[in-house]
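*Asks:* Would you mind keeping the following structure in view while I ask a few things?
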Amino acid sequence: MKKLLFIISLVLLGSTSFAQTTTNPFKNTQWKGTVNIPDPTGAIIAFEEGKVMFKAMENDSPIEELSYTIEGNILTMKKIAGSSPCTENEVAKLSFEIIKDTLILKVVSDDCKARGAAFTDEQGNAYVWKKDK
């Protein structure tokens, strides 16, 4: 019986340790790409812990600051500040895929249509982002 309890304890401890070591793939990274505001514009996405800043590549001026969470391969964002017509209550959900130094963001849903349109080209294809830092 003691042996069984010991084994169960090890399994629980191991799974807890694994959950705590799962890392945020975006933390302290920057990506260069394009957003439509409303025309295609070079931009940088700068991620911190729980916050992301979209900046214009040309002059480093802020476009939008958002909070974000990650669940599986879904990035959920809410506006904190910025020039878009989106409100703080309108949620954006984007699926993401990171392949080496490439980030692909695809809009799953966005309560703010203007923001949702920012991530695709005229044919509806997702813009590709390249890792900067």
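The values are calculated or read from the model by the stated rules, or taken from the named source; none is laboratory data. Small disclaimer: the values here were computed from a predicted structure and weren't measured. Cβ placement follows ideal geometry from the backbone for every residue including glycine, while neighbour counts extend to all protein chains displayed.
*Asks:* Name the single residue that is surrounded by the most Cβ atoms within 10 Å (Cβ to Cβ) among those in the range 52-63 being in contact (Cβ under 8 Å) with a residue 24 or more places away in the chain and assigned to a strand (DSSP E or B).
*Replies:* If we take residues in the range 52-63 being in contact (Cβ under 8 Å) with a residue 24 or more places away in the chain and assigned to a strand (DSSP E or B), then Phe54 is surrounded by the most Cβ atoms within 10 Å (Cβ to Cβ).
*Asks:* What about Ile45, is it at pLDDT 90 or above, among the β-branched types (Val, Ile, Thr), within 29 Å of Thr23 (Cβ to Cβ) and out of contact with any strand residue (DSSP E or B) (no Cβ under 6 Å at 6 or more places or on another chain)?
*Replies:* no
*Asks:* Filter the range 14-36 down to the residues that are at pLDDT below 85 and of a type in the set (A, V, I, L, M, F, W, C), then identify the one that is nearest to the chain's Cα centre (by Cα).
*Replies:* Once the filter is applied, the top-ranked residue is Ala19.
*Asks:* Among residues belonging to the range 64-104 that are among the β-branched types (Val, Ile, Thr) and touching a residue at least 24 places away in the same chain (Cβ under 8 Å), point out the one that is surrounded by the fewest Cβ atoms within 10 Å (Cβ to Cβ).
*Replies:* It comes out as Thr87.
*Asks:* Output the residues belonging to the range 38-51 that are more than 25 Å from Glu122 (Cα to Cα) and either assigned to a strand (DSSP E or B) or over 14 Å from the mean Cα position of the chain (by Cα) (or both).
*Replies:* Those that are more than 25 Å from Glu122 (Cα to Cα) and either assigned to a strand (DSSP E or B) or over 14 Å from the mean Cα position of the chain (by Cα) (or both): Phe47, Lys51.
*Asks:* Let me ask something else. So for the range 102-109 (the condition being within 19 Å of Lys133 (Cα to Cα) and polar (S, T, N, Q)), does at least one residue qualify?
*Replies:* yes
*Asks:* Under 17 Å from the mean Cα position of the chain (by Cα), at pLDDT 90 or above and within 15 Å of Val128 (Cα to Cα), is that true of Lys78?
*Replies:* Answer is no for this residue.
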